[in-house]
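Here is the structure we will look at, set down as structure tokens.
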Amino acid sequence: MSEKIDFSHVRFLIVDSNRLMCQLIKDILMMLGCTQCTTARDSEKAIANLRAGGFDVLITEWNLKPRSGLELLDWLRTDGGSPDRMMPVIMLTANSEFEYVMESRDKGVTEFLAKPFTADGMYRRLVSVVARPRDFVSVKGYFGPDRRRQQLPFEGVDRRQQKPE
């Protein structure tokens, strides 16, 4: 854990149907200095909490009822009633196969963390969303954090820098 981040003013909402997992995540956050942590055991309670406001980061399990964590993420990013479309979202799930990661990315997840996880793995995701937030992109069919993490060399005309004629 090379970077030291002050989490004492960051407000977290943890959504997981497993009470013990909610407590584990909350304990890790408190160990890292978090003082404001709320838990919800299903997606409807999570939406009610989000609508009430006051959260900076959402940590959600994929497997929720009645809406999945992916549907919760989609609601947050695309619904007109969403309180903060740009809230960082960490998807925390045992569904770590490639298709789950890609589907989460394509719905606008900020970070993905597979269960079982370590406190260090959680810390790295938190540093990423709190200290190094990515720009948000709004294009046809997608709203969420920029999916490009690497700056690759480009050989060609940079059309974004050209002035319209």
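The values are calculated or read from the model by the stated rules, or taken from the named source; none is laboratory data. Note that the structure is predicted; figures quoted are calculated from it, not measured. All Cβ positions, even for glycine, are placed from backbone atoms using ideal geometry, and neighbour counts span all protein chains on display. Note: areas computed on protein heavy atoms with side chains; ligands, DNA, RNA excluded. Shrake-Rupley method; radii C 1.70, N 1.55, O 1.52, S 1.80 Å.
Brief remarks on what is shown
- Residues being modelled with pLDDT under 70 and aromatic (F, W, Y) - total across the range 133-158: 1
- Considering the range 94-146, and only residues there that are among the polar types (S, T, N, Q) and open to solvent by less than 50 Å² (accessible area, probe 1.4 Å), the residue that is nearest to the chain's Cα centre (by Cα) turns out to be T110.
- Qualifying position, being over 17 Å from the mean Cα position of the chain (by Cα) and among the aliphatic types (A, V, I, L, M), among A48, A40: A48
- The range 68-114, residues that are assigned to a loop (DSSP other than H, G, I, E, B) and in contact with a Gly (Cβ under 7 Å, 6 or more places away or on another chain): P83, G108
- Checking each residue in the range 51-64 for being over 21 Å from A114 (Cβ atoms) and over 15 Å from the mean Cα position of the chain (by Cα) picks out R51, A52, G53, G54.
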